[in-house]
Amino acid sequence: MKAARDIKLLVPRTRSGGIACVLRAVWTAPTSAVGHAVARLAGCGRPERIGGVAARATLYRLPSGRCRGCSAIAIGHVVIVEPSFAEHHGPWLLAHELAHTRQHDWLGPVYLPVHAVLQAISLVLYAVRPLSKYSPVHAYNPLERTFICVPIDVVHEPPLESELTQKVLRAFALAA
Ligand SMILES: [Zn+2]
């Protein structure tokens, strides 16, 4: 395990309410609608509300045992997880996916295209210079490792528990 400070972990700010909340809901509705449709097409079970003051999302679990090899994805404010993968990685996986929903607050309708382009660039760079532990679409993707308060690194290697890690998890209601 690594110390949290070696992972570029940041405590996410509380999302403001009121008119900003309404505008965010409109701005993020199209991509989240895609997420709900994907979850239904994949045969996911009942949706569940997750998150805390920093971000809230809808969680769907893929049918158990049917999608081995799948991991987790945030399509807007919809998080879809493979149940055994989610169980194995615990709260840090959900914290990472909830951190993606904060990017979605900014990117709105261009969230998916921007992710797709950066994943493709990461894939090309990875072909030239592979990075062990990381998947090709994550290794050089700034939306996975730089411009995110909970980088994908925590899923590969959870940070040691500290005041900082507890604050981050609490902001997403993933710790007491
Ligand atoms: Zn990610």
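The values are calculated or read from the model by the stated rules, or taken from the named source; none is laboratory data. Everything numeric here is computed off the predicted structure, so don't read it as measured data. All Cβ positions, glycine included, derive from the backbone under ideal geometry; neighbour counts span all protein chains shown.
Here are the numbers for the structure shown:
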{"read-out": "Helices (runs of 4 or more DSSP H) contained in the range 127-176 and holding at least 3 residues within 19 Å of HIS100 (Cβ to Cβ) and away from the ligand (no atom under 14 Å from the Cβ)", "value": "163-171"}
{"read-out": "The range 64-102 - residue that is surrounded by fewer than 23 Cβ atoms within 10 Å (Cβ to Cβ) and acidic (Asp, Glu) and, of those, farthest from the chain's Cα centre (by Cα)", "value": "GLU87"}
{"read-out": "Qualifying residues in the range 1-15 (those that are modelled with pLDDT of 90 or more and touching a strand residue (DSSP E or B) at 6+ places or on another chain (Cβ under 9 Å)) - the one surrounded by the fewest Cβ atoms within 10 Å (Cβ to Cβ)", "value": "ARG15"}
{"read-out": "Tally of residues being more than 11 Å from the ligand (Cβ to nearest atom) and touching a residue at least 12 places away in the same chain (Cβ under 8 Å) across the range 102-117", "value": "8"}
{"read-out": "First in the range 76-101 and in contact (Cβ under 8 Å) with a residue 60 or more places away in the chain, second anywhere and in a helix (DSSP H, G or I) and among the aromatic types (Phe, Trp, Tyr), Cβ under 9 Å, 6 or more apart", "value": "LEU93/PHE85"}
{"read-out": "Test for GLU87: is it assigned to a helix (DSSP H, G or I), within 13 Å of the ligand (Cβ to nearest atom) and charged (D, E, K, R)", "value": "no"}
{"read-out": "Output for the range 122-149, where each listed residue is closer than 25 Å to VAL53 by Cβ, touching a Lys or Arg at 6+ places or on another chain (Cβ under 9 Å) and not basic (Lys, Arg)", "value": "THR146, ILE148, CYS149"}
